[in-house]
Structures are given as C-alpha cells and as structure tokens.
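K.L.:
Got a structure for you, written out below as structure tokens; questions coming shortly.
The values are calculated or read from the model by the stated rules, or taken from the named source; none is laboratory data. Since the structure is predicted, the reported quantities are computational estimates derived from the model, not experimental observations. Ideal geometry is used to build each Cβ from the backbone, glycine not excepted, and the neighbour counts take in all protein chains shown.
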Protein chains: 2
Amino acid sequence: MTFTDSLAAAWARNDSLLCVGLDPDPAKFPAHLKGRGDAILEFCKSIADATADLACAFKPQIAYFAANRAEDQLEALIRHIHEKHPGIPVILDAKRGDIGATAEQYAREAFERYGADALTVNPYMGFDSVEPYFAWKERGVVILCRTSNPGGSDLQFLETGGEGGKRRLYQHVAELVATKWNAGGQCALVVGATFPAELAEVRRLVGAMPLLVPGIGAQGGDIEATVRAGRTASGTGLMINSSRAILYAGKGEDYAAAARQVALETRDAINRWRR
Amino acid sequence: MTFTDSLAAAWARNDSLLCVGLDPDPAKFPAHLKGRGDAILEFCKSIADATADLACAFKPQIAYFAANRAEDQLEALIRHIHEKHPGIPVILDAKRGDIGATAEQYAREAFERYGADALTVNPYMGFDSVEPYFAWKERGVVILCRTSNPGGSDLQFLETGGEGGKRRLYQHVAELVATKWNAGGQCALVVGATFPAELAEVRRLVGAMPLLVPGIGAQGGDIEATVRAGRTASGTGLMINSSRAILYAGKGEDYAAAARQVALETRDAINRWRR
C-alpha cells in the first residue's frame with residue numbers, strides 16, 4: 001500500500017488527524033528510565049503503544065537518535081511500530097537535501113535500513129535532489145514548504161518573481177511541487193501551524209495533497225485556526241504534529257498514560273473543527 | 001584553534017586549496033576490500049593517509065556511512081584523521097536544517113559524537129535553524145548558497161525583492177550570511193564550480209569568507225575558471241572539493257597511490273591559477 005493510501009486509511013480508522021512526534025530527549029525522561037542503555041527505545045515504544053489508536057502517523061526525529069548514538073534503537077522502534085501497529089505510517093523526520101547520488105544513499109537509509117514509510121526532505125537544492133526518493137514508489141516524500149520556526153520567514157517569505165507574477169518563496173515551492181514534482185502522487189508538504197493564513201493559501205495551491213503541520217502545542221499554534229485553514233473538503237488532508245506536549249505530559253512512571261490522555265484530548269480538539 | 005584558523009594553516013602548510021571528499025560507495029571498492037566488515041573505514045583511511053599532505057580539508061559525506069549502518073566507521077575515520085594528520089580540518093557533509101531544539105541535537109551529533117571541525121547546513125529554515133551550531137565556538141558552519149547540481153537553479157536562481165533591490169535567492173543568502181549570520185566569524189558558504197560567474201558574485205558579496213566549492217572533476221566544473229572567480233586577493237579562500245575522481249582513480253590494490261596521483265595533479269592544477 002502507498003504512503004498516501006495508508007495515511008488515508010489511518011485517518012478513517014482512528015478518526016484522527018494527529019501525528020505523534022517522537023523526539024526523545026533522555027534529559028526529560030522519567031527517573032526510572034534514566035541510565036538504561038535502551039531508554040530511548042523503551043520510552044518511544046511506550047508512547048507509541050499508548051497512542052497508536054489515536055494517531056494517523058508517527059514521526060520520529062532522527063537527530064535525537066543520532067546525537068545519542070542510538071540508530072539501532074531507531075531501527076528497532078520503527079520495526080516495533082510496523083509489527084504491533086500495522087497501518088500507522090511512520091514518517092522519518094530527517095529533512096534531507098543533497099545531489100542525486102547522495103540523495104539515493106539517503107533514500108536507502110530511510111526506506112531500506114529504517115523501513116520508514118515517508119521521509120521529510122528540504123527543497124533548497126531543487127528537483128534532482130528530491131527525485132531519487134520517488135524510485136521507492138510506495139513511500140512518501142514530505143517536502144518543507146513553510147516552517148513554523150521564527151526564522152522560517154528569512155527565506156520562505158521572500159517575494160519572488162517568475163512566470164505567473166509575484167509570490168512568496170513558500171508559495172513558489174507549493175506550486176512547483178503541486179504542478180511538477182508530484183507527478184507520481186508521492187508528495188506531501190510541511191506547513192507550520194503558526195501561520196493559518198499561509199496554511200490556507202498552500203491548501204488552495206495544492207488541492208488535496210497531505211500537509212504535515214508542526215507547531216501546535218509547545219510552539220503555540222492554534223488548533224481551531226489550523227484545522228479550518230488546512231482541512232480538505234472531506235475534513236482530512238492533515239497530519240497535525242504534536243511532540244513535546246504529548247511525550248513529556250507526565251514525569252513519573254505513568255508517563256505513557258499521561259501521554260495517552262493528552263493525545264486523546266488533542267485528537268478530539270482537532271476533530272471538533274474538521275467538519 | 002578555530003576552524004577558520006586551521007583551514008588557513010592547512011592552505012599554507014600543504015600549499016593546497018584541495019578538499020578531498022570522502023563519499024565511500026562499497027560497490028565501487030577494489031575487489032580485495034569487498035566483504036570486509038570494516039571496508040568503508042579501511043578505504044577512507046587509506047585515501048586520507050595517501051592525500052593528507054596534499055589537502056586543505058577532508059569532507060566525509062554522512063549519507064554513504066548511514067546507508068551502510070557504518071556510523072561507527074565514520075567516528076573511527078574522523079578520529080584517525082585527527083590523530084594521524086593533526087591540523088587538517090574535517091568537514092562533515094550532512095546539510096542539516098531544522099528548528100533550534102533539533103539543530104542543537106544535530107550539533108551534538110556532528111561536533112561531539114563525530115568530533116567534526118565543521119558541518120554543512122541548509123539555510124531554508126532561516127537564522128534560528130543555523131544559530132545553535134555557533135555555540136561550539138571553534139567549529140565552522142558551512143551554509144549552502146549556490147549548489148552545483150542541475151536543479152540548483154529551481155529555487156536558488158529565483159529573483160527576489162526586498163531591501164536593496166532585486167537579486168537572486170543565492171545572492172540574498174550570501175548577503176544574509178555575510179552581513180548578519182556571520183557575527184562570530186564561523187561561517188563559510190557552499191558555491192558550485194559549475195557557475196564561475198556566480199562564484200565571482202558570491203566572492204564580491206562575502207569578502208574573504210571561505211567558500212567550499214564542489215563540482216570540479218566528475219561534475220564538470222573548470223578549474224581555471226573556478227580559481228580565477230573564487231580566489232581571494234591572497235590567492236586562498238577556497239576549499240575546492242573533489243570526491244569521485246580521486247577516490248575511484250584506481251580499481252586495484254594500488255587505489256591509494258592512484259588517488260594520491262590524481263590529488264597531486266588536481267592540487268597543482270589549482271595552484272597554477274591562484275596568483
């Protein structure tokens with residue numbers, strides 16, 4: 001099944017647009033996990049098991065594993081999610097971007113080594129830096145468009161010329177992906193929740209393409225505004241990511257239950273504005 | 001010593017602007033190395049040992065290690081270079097780009113886990129995605145500006161508005177880095193050899209800032225045009241990268257000697273146009 005199809009199935013089955021971000025920071029782990037060699041894996045597995053029926057996707061962020069020499073735990077985590085929670089796609093958040101020969105190596109890393117269902121990718125180097133990922137036909141390619149961080153505007157909000165008149169760089173990226181890069185239907189875009197007007201503009205430009213939306217919760221984006229701006233006509237089209245607010249909801253041994261509670265509330269808060 | 005200082009010392013000591021790119025592809029290794037568990041490390045160590053007196057920097061590309069589950073060999077390689085060839089800086093080519101909290105994890109990965117002297121970074125997400133790396137004061141941050149691949153123009157060549165009149169996106173990035181992001185003097189830029197006129201334009205915009213220049217050799221950039229366009233008044237300022245042409249110069253057991261010969265010729269071909 002393709003990434004897009006399994007995402008659509010998960011939207012329906014779990015009645016959820018919530019993507020659970022897995023950014024494991026050992027310094028924030030409950031005390032009883034500290035010092036364990038497999039703490040990262042245990043922590044993430046517990047969170048995944050506690051939220052799998054509430055999520056449309058999981059998104060592990062590779063930097064948190066790489067900084068802790070825990071690539072093997074990332075491999076084991078994704079294998080665990082696929083075995084225990086089949087049908088919930090895993091998006092590897094690595095924001096890769098390099099020339100074709102190197103992109104092919106990154107694709108092998110993400111799709112073969114880790115078995116990820118989709119990968120986040122940076123568009124700055126252009127089409128041939130994105131194209132190699134499409135050779136894995138079942139996998140998704142989630143391209144940065146408008147990011148939720150303060151410096152997101154430094155380049156993405158610049159006015160650019162070109163055919164069809166003036167537009168911002170992020171609009172140009174959305175159009176490029178929708179009209180040219182997405183011939184195989186494998187693309188999605190990253191658009192931050194902190195800019196609902198721009199999320200609506202991207203939705204207008206890309207039709208029903210899935211959008212990965214970080215920035216609610218710890219980063220301050222508003223759920224109602226995000227859902228109203230980004231939903232498709234059928235009330236889906238979004239993977240609204242929450243990481244820290246869910247992962248670190250509890251500080252004790254019951255952290256997974258606390259995470260489930262926040263995930264449930266977030267899913268339901270999202271659903272209130274879908275239709 | 002800072003990255004910039006050790007680079008300047010290496011330029012002088014080895015009379016070289018050549019950066020040796022380490023992109024180890026096991027499919028291209030000499031037959032006698034195939035099947036060895038540490039083939040990547042052995043291959044890269046031999047190349048480094050054979051070219052260390054001819055290079056101003058080494059640039060391992062992390063995708064080639066990650067696709068082969070060889071992070072431990074990358075750690076060992078950089079340790080080996082630092083021990084055996086002190087004073088030759090190692091640039092980890094990973095083109096990272098993410099929000100601040102994640103960028104900090106990537107910085108720990110590059111500078112603490114791997115001990116790299118510099119890291120390549122993507123500017124698409126703006127200043128706060130680059131700033132965390134500056135906390136490691138001795139390390140360099142090499143920011144993508146104008147890349148040498150065919151799709152490099154898709155975004156980087158767009159005309160942008162803003163203060164000071166029209167300019168291309170890559171010019172805007174060069175100006176941003178030179179006038180704002182480089183307050184601590186830790187920055188360098190990536191500018192491809194395939195566009196000498198644009199390399200000259202970046203040199204005009206950034207003064208003596210070091211430029212990492214991929215694209216000679218396998219990618220077809222011309223050495224004379226590159227050096228004339230990119231050198232500083234003192235005939236330095238460049239890390240001209242060559243990877244495949246050096247790594248795969250020989251196919252037999254004498255591959256390191258063949259690599260040395262090509263590195264020597266490339267260094268000398270570069271030096272012909274420096275002054």
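K.L.:
Restricting attention to segment A:149-177, which residues are of a type in the set (Gly, Ala, Ser) and touching a strand residue (DSSP E or B) at 6+ places or on another chain (Cβ under 8 Å)?
P.N.:
The answer is A:GLY152, A:GLY161, A:GLY162, A:ALA174.
K.L.:
Please work out which residue is surrounded by the most Cβ atoms within 10 Å (Cβ to Cβ), limiting yourself to segment B:92-107 and to residues that are assigned to a strand (DSSP E or B) and more than 7 Å from chain A (Cβ to nearest Cβ).
P.N.:
Taking the candidates together, the pick is B:ARG96.
K.L.:
If I ask for residues that are hydroxyl-bearing (Ser, Thr, Tyr), buried (at least 23 other Cβ atoms within 10 Å of the Cβ), closer than 20 Å to A:GLY100 by Cα and touching a residue at least 40 places away in the same chain (Cβ under 8 Å), which ones from segment B:118-164 would you list?
P.N.:
Step one: filter segment B:118-164 for residues hydroxyl-bearing (Ser, Thr, Tyr), giving B:120, B:124, B:129, B:133, B:147-148, B:153, B:160.
Narrowing the set further to residues that are buried (at least 23 other Cβ atoms within 10 Å of the Cβ) leaves B:120, B:124, B:129, B:133, B:147.
Then keep just the ones that are closer than 20 Å to A:GLY100 by Cα; that gives B:120, B:124, B:147.
The answer is B:THR120, B:THR147.
K.L.:
Pairs under 7 Å by beta carbon, first residue part of a helix (DSSP H, G or I) in segment A:69-83, partner of a type in the set (Asp, Glu), six or more apart or different chains?
P.N.:
Hits for this filter: A:GLU71/B:GLU71; A:GLN73/A:ASP38.
K.L.:
Another one. Testing B:PRO214 on (1) in contact with a Lys or Arg (Cβ under 7 Å, 6 or more places away or on another chain); (2) touching a residue at least 12 places away in the same chain (Cβ under 8 Å), one condition comes back false. Which one is that?
P.N.:
(1)
K.L.:
Also, quick follow-up: Within segment B:8-18, does at least one residue satisfy the condition of being modelled with pLDDT of 95 or more, touching a helix residue (DSSP H, G or I) at 6+ places or on another chain (Cβ under 9 Å) and not in a loop (DSSP other than H, G, I, E, B)? Before the answer, list the steps.
P.N.:
To start, the set of residues in segment B:8-18 that are modelled with pLDDT of 95 or more comprises B:8-18.
Within this subset, residues satisfying the condition of being touching a helix residue (DSSP H, G or I) at 6+ places or on another chain (Cβ under 9 Å) are B:14-18.
Of the ones still in play, those that are also not in a loop (DSSP other than H, G, I, E, B) are B:18.
There is at least one residue in segment B:8-18 that is modelled with pLDDT of 95 or more, touching a helix residue (DSSP H, G or I) at 6+ places or on another chain (Cβ under 9 Å) and not in a loop (DSSP other than H, G, I, E, B).
K.L.:
Under 7 Å by Cβ, and 6 or more places apart or on different chains, what pairs join a residue from segment B:252-267 that is farther than 15 Å from B:LYS28 by Cβ and crowded, with 16+ Cβ neighbours inside 10 Å with one that is modelled with pLDDT under 95 and of a type in the set (Lys, Arg)?
P.N.:
Listed pairs, sorted by first residue: none to list.
K.L.:
Of the residues A:LEU155, A:LEU205, A:LEU199, only one is modelled with pLDDT of 95 or more, outside any strand (DSSP E or B) and at the interface with chain B (Cβ under 9 Å from one of its Cβ atoms); which? Before the answer, list the steps.
P.N.:
Working: A:LEU205 fails: at the interface with chain B (Cβ under 9 Å from one of its Cβ atoms); A:LEU199 fails: at the interface with chain B (Cβ under 9 Å from one of its Cβ atoms).
Only one candidate qualifies: A:LEU155.
K.L.:
Does B:PHE65 meet the test of being farther than 21 Å from B:GLY185 by Cα and surrounded by 22 or more Cβ atoms within 10 Å (Cβ to Cβ)?
P.N.:
Values: farther than 21 Å from B:GLY185 by Cα: yes; surrounded by 22 or more Cβ atoms within 10 Å (Cβ to Cβ): yes.
So B:PHE65 passes the test.
K.L.:
I would also like to ask the following. With touching a His at 6+ places or on another chain (Cβ under 8 Å) and closer than 29 Å to B:PHE65 by Cα as the only criterion, which of A:ALA57, A:ALA76, A:ALA48, A:ALA67 stands out?
P.N.:
On the way: A:ALA57 fails: touching a His at 6+ places or on another chain (Cβ under 8 Å); A:ALA76 fails: touching a His at 6+ places or on another chain (Cβ under 8 Å); A:ALA67 fails: touching a His at 6+ places or on another chain (Cβ under 8 Å).
Criteria check complete, one pass: A:ALA48.
K.L.:
Still on this structure, I have one more. Using the structure shown, decide if B:LYS45 is among the basic types (Lys, Arg), part of a loop (DSSP other than H, G, I, E, B) and away from chain A (no Cβ under 14 Å).
P.N.:
Values: among the basic types (Lys, Arg): yes; part of a loop (DSSP other than H, G, I, E, B): no; away from chain A (no Cβ under 14 Å): yes.
Considered against the rule, which asks whether it is among the basic types (Lys, Arg), part of a loop (DSSP other than H, G, I, E, B) and away from chain A (no Cβ under 14 Å), B:LYS45 comes out as no.
K.L.:
Report whether or not B:ALA178 is closer than 16 Å to B:PRO123 by Cα and either among the small types (Gly, Ala, Ser) or modelled with pLDDT under 95 (or both). Let's see the steps before the verdict.
P.N.:
Numbers: closer than 16 Å to B:PRO123 by Cα: yes; either among the small types (Gly, Ala, Ser) or modelled with pLDDT under 95 (or both): yes.
The answer is yes for B:ALA178.
K.L.:
B:LYS59: surrounded by 18 or more Cβ atoms within 10 Å (Cβ to Cβ), of a type outside the set (A, V, I, L, M, F, W, C) and part of a helix (DSSP H, G or I), yes or no?
P.N.:
Numbers: surrounded by 18 or more Cβ atoms within 10 Å (Cβ to Cβ): yes; of a type outside the set (A, V, I, L, M, F, W, C): yes; part of a helix (DSSP H, G or I): no.
Against the criterion (surrounded by 18 or more Cβ atoms within 10 Å (Cβ to Cβ), of a type outside the set (A, V, I, L, M, F, W, C) and part of a helix (DSSP H, G or I)), B:LYS59 does not qualify.
K.L.:
Go through (1) modelled with pLDDT under 95; (2) under 19 Å from B:ASN122 (Cα atoms); (3) more than 14 Å from every other protein chain (Cβ to nearest Cβ) for B:ASP222 and report which single condition fails.
P.N.:
(2)
K.L.:
Is at least one residue of segment B:178-192 more than 10 Å from chain A (Cβ to nearest Cβ) and in a helix (DSSP H, G or I)?
P.N.:
Taking every residue of segment B:178-192 in turn, at least one turns out to be more than 10 Å from chain A (Cβ to nearest Cβ) and in a helix (DSSP H, G or I).
K.L.:
Continuing with the same structure: If you take the residues of segment B:108-133 that are aliphatic (A, V, I, L, M) and over 23 Å from B:HIS82 (Cβ atoms), which of them is farthest from the other protein chains (Cβ to nearest Cβ)?
P.N.:
Going residue by residue through segment B:108-133, those that are aliphatic (A, V, I, L, M) are B:110, B:116, B:118-119, B:121, B:125, B:130.
Going one step further and asking which of them are over 23 Å from B:HIS82 (Cβ atoms), we end up with B:125, B:130.
Details: B:MET125: 5, B:VAL130: 8 Å.
Here the answer is B:VAL130.
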